[in-house]
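Every number in this text was worked out from the coordinates using simple rules, so none of it is lab data. Since the model is a prediction, treat every value here as computed from it, not as a measurement. Using ideal geometry, Cβ is built from the backbone for each residue, glycine included, and neighbour counts are taken over all protein chains shown.
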There are 2 protein chains.
Amino acid sequence: MAELHKILKELIGLTKSEWESFNVKLNKKEFKARTLIIKEGSIAHNLYFIESGTLRTYHLRDGKEISTYFACDKQFISSFSSFITQTASFETLEAIEDSSVYELSYQALTELYKDSSKFEKLGRILAEKNYLCVMDRTLTMQTRTAKEKYLDFIKNYDDDIVQRVPQHMIATFLGIAPESLSRVRKEISIS
Amino acid sequence: MAELHKILKELIGLTKSEWESFNVKLNKKEFKARTLIIKEGSIAHNLYFIESGTLRTYHLRDGKEISTYFACDKQFISSFSSFITQTASFETLEAIEDSSVYELSYQALTELYKDSSKFEKLGRILAEKNYLCVMDRTLTMQTRTAKEKYLDFIKNYDDDIVQRVPQHMIATFLGIAPESLSRVRKEISIS
């Protein structure tokens, strides 16, 4: 909890009383690895701040799980388009590891938006971050080789994610075959 | 100008005095068709509100212009990732038709963010809209047939854009060959 307070202080300059009005709206949750937190087709009612653990979103294409986002300790995640539009999600949000998170509901966040411009700023920063991530991934997918994609991934993503997320999930995220990813990782470790 | 005032009143509930502090920061600009407003590699210093006309963003892949976004009358556009990060743009912003726009600089918007939570809300809404657009386009590109892609496009995009944007630009936006788009349009008009 101290971590989230620190992050919000840095990000949006939250005062003690603003933190308290934020804090009371959070619910602590524990998820076992492989728990499906938001299922495709349902509405994402919550945004999650990860205290410890790793979560991902994915969608199904021809029965295959295509990863679309990863987040670990001290990061936010949801099925973001479902969360901001409050419509059915085309993604599933899953815990990859046993995870400890703080949950903030859409309704609670909407109330916070009315309380202070700092929470609007938080909403803006989250939307911008999600935009940049999906834009970067789309461009990378369209224009790069397998090696360039992976180098871009390890540059942009947290070390913890690079280490802790299973390789086959990273491969679908990058739109490359697991064997190509394995070859690229060998090449990089040799060079 | 009255149109922009009306839109902002509806979107973020701008009061008369807030509108005035916004209004003084705008510059009116006219662009001839085919003007490159932001070039790939430069920084997008401005966000544009279109009074009349049509603009698009595109990037080059193997020398081919791939359209990434369209906007027309009463809509906002920029090279959005460059604008929010103030780093070099990977896209070009171009006027497709003779266009009349209001320009708002990044610096001016940053000042407005400090003035009122309503402008933070505007920033959040713009980021969310851009996120939903790119996410939808990415998913559509990956999972739909040419016909589904075009039907999705005419459902989600303004009629004016569907009518006024040249077909070959829509084709690259949807990731389909111009001939496929032409075939699909014929099929739809017959059925």
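Put the Cα centre of the range A:1-60 next to the Cα centre of the range B:109-130 and the gap is 23 Å.
Evaluate E = 1/(1 + (r/R0)^6) for B:THR143 and A:ASN156, where r is the Cβ-Cβ distance and R0 equals 25 Å; express this FRET efficiency to the nearest 0.05. Mind dumping the intermediate values first?
On the way: r = 24 Å, r/R0 = 0.97.
FRET efficiency, B:THR143 to A:ASN156: 0.55.
Using R0 = 30 Å, the C-beta based FRET efficiency linking A:LYS6 and A:GLN86 works out to 0.50. Straight-line cross-link partners of A:LYS16 among the aspartates and glutamates, defined as a Cα under 19 Å from its Cα and at least 8 positions apart when in the same chain: A:GLU3, A:GLU111, A:ASP115, A:GLU120.
Distances between copies of B:SER189, taken at a point 7 Å out from Cα along the Cα→Cβ vector and listed shortest first: 5.9 nm. Peptide A:75-86 is shielded by partner chain Cβ atoms: per residue, an average of 2 of them sit within 10 Å of its Cβ.
Apply 1/(1 + (r/R0)^6) to the Cβ-Cβ distance of A:ILE43 and A:LYS186, taking R0 = 56 Å, and write down the FRET efficiency to the nearest 0.05. For A:ILE43 and A:LYS186, the calculated efficiency is 0.85. When each of A:PHE83, A:PHE49 is scored by the number of other beta-carbon atoms lying within 10 Å, the sequence from fewest to most is A:PHE49, A:PHE83.
Please report, ordered by residue number, every helix of chain A (full DSSP H runs) that is 24 Å or longer along its axis going by C-alpha atoms and whose mean Kyte-Doolittle hydropathy reaches -0.5. Could you put the intermediate results ahead of the total?
Numbers: long enough: A:117-143 (38 Å, -0.30).
Membrane-span-like by this rule: A:117-143.
Normalised by the number of residues in the range A:2-190, the mean separation of alpha-carbon contacts (under 8 Å, six or more apart) gives a relative contact order of 24 percent. Principal axis extents of the C-alpha atoms in chain B (largest first, rounded to whole Å): 52, 35, 30. Between beta-carbons, use under 14 Å as the cut-off and find the net charge around B:GLU187, counting Lys and Arg +1, Asp and Glu -1. That works out to +3.
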